[in-house]
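Asks: Okay, here's the structure, questions in a sec.
The values are calculated or read from the model by the stated rules, or taken from the named source; none is laboratory data. Not measured: the values here are computed from a predicted model. FYI the Cβ positions are ideal-geometry reconstructions off the backbone, even for glycines, and counts take in every protein chain you see. Each accessible area value is taken on the protein alone, full model and side chains, heavy atoms only, with ligands, DNA and RNA left out. Shrake-Rupley method; radii C 1.70, N 1.55, O 1.52, S 1.80 Å.
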Amino acid sequence: MKVLLMGHPNVGKRVFFNRLTGANVTESNYPGTTVDFTKGYMKIGGEDAELIDVPGTFSLDPKDKAEEVAVAMLHENKDAKVICVIDASKIERGVYLALEILEEGYPMVIALNMWDAAVDKNIRIDINNLQRILDVPVVPTVAISGEGIKELISRLKEAKPVEIDDIIRNAGGLT
């Protein structure tokens, strides 16, 4: 199994990566660029899984070289599952990227990272409703402390492609 770790820059993807892979990592430049990415391995359900920390991107419409690499890596790994790491205190921006990735047919689990910061800011997120609308597992996490990481990985097996029409219907339709 291959898993892509995707999200905006500075949402804690690197901390996730380090927690999941330990020190067994390979850092490389994407061919033809100075943009680097990290690859490592972890166990999921007793099986080896390759984990790739994709460069941060705000959308699948790249605005710079790092975002071009992120989109290229996504498209080169059509058989991968995606962990979309979203800053829980800026959820609307992260959900936009998640929807773009889901629209391309990738199975996904969403990590609402920095959950503690969102709680401190009195931001309330109805996780059950978000899961119902998006039809993907959504797990609150605090990567620095490790909170939620085990549940996130255990729910990766629930990740499946989702039809955008189903998401629109689950959200109550277009207005």
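Asks: Mind listing whichever residues of segment 70-92 are more than 29 Å from Gly32 (Cβ to Cβ) and either without any contact (Cβ under 8 Å) to a residue 12 or more places away in the chain or open to solvent by 10 Å² or more (accessible area, probe 1.4 Å) (or both)? Steps first, please.
Replies: Step one: list which residues in segment 70-92 are more than 29 Å from Gly32 (Cβ to Cβ), which gives 86-92.
Of everything in segment 70-92, those that are more than 29 Å from Gly32 (Cβ to Cβ) and either without any contact (Cβ under 8 Å) to a residue 12 or more places away in the chain or open to solvent by 10 Å² or more (accessible area, probe 1.4 Å) (or both) turn out to be Asp87, Ser89, Lys90, Ile91, Glu92.
Asks: Among the residues of segment 104-162, which ones are of a type in the set (A, V, I, L, M), part of a loop (DSSP other than H, G, I, E, B) and free of Cβ contacts under 8 Å to residues at least 40 places away in the same chain?
Replies: Within segment 104-162, the subset of a type in the set (A, V, I, L, M) is 108-112, 114, 117-119, 123, 125, 127, 130, 133-134, 136, 138-139, 142-144, 149, 152-153, 156, 159, 162.
Still in the running and part of a loop (DSSP other than H, G, I, E, B): 114, 123, 125, 136, 143-144, 159, 162.
Once the filter is applied, which keeps residues that are of a type in the set (A, V, I, L, M), part of a loop (DSSP other than H, G, I, E, B) and free of Cβ contacts under 8 Å to residues at least 40 places away in the same chain, segment 104-162 yields Ile123, Ile125, Val136.
Asks: May I ask you to say which residue of Asn122, Asn170, Asn129, Asn113 is of a type in the set (S, T, N, Q) and open to solvent by less than 10 Å² (accessible area, probe 1.4 Å)?
Replies: Values: Asn122 fails: open to solvent by less than 10 Å² (accessible area, probe 1.4 Å); Asn170 fails: open to solvent by less than 10 Å² (accessible area, probe 1.4 Å); Asn129 fails: open to solvent by less than 10 Å² (accessible area, probe 1.4 Å).
Matching residue, one of Asn122, Asn170, Asn129, Asn113: Asn113.
Asks: While we're looking at this one, here's another question. Go through segment 10-62 and tell me which strands (runs of 3 or more DSSP E), entirely inside it, have 1 or more residues that are modelled with pLDDT of 85 or more, open to solvent by 30 Å² or more (accessible area, probe 1.4 Å) and over 18 Å from Ala111 (Cβ atoms). Before you say what the answer is, go through the steps one by one.
Replies: Numbers: elements: 25-29, 36-44, 47-53.
So the answer is 36-44, 47-53.
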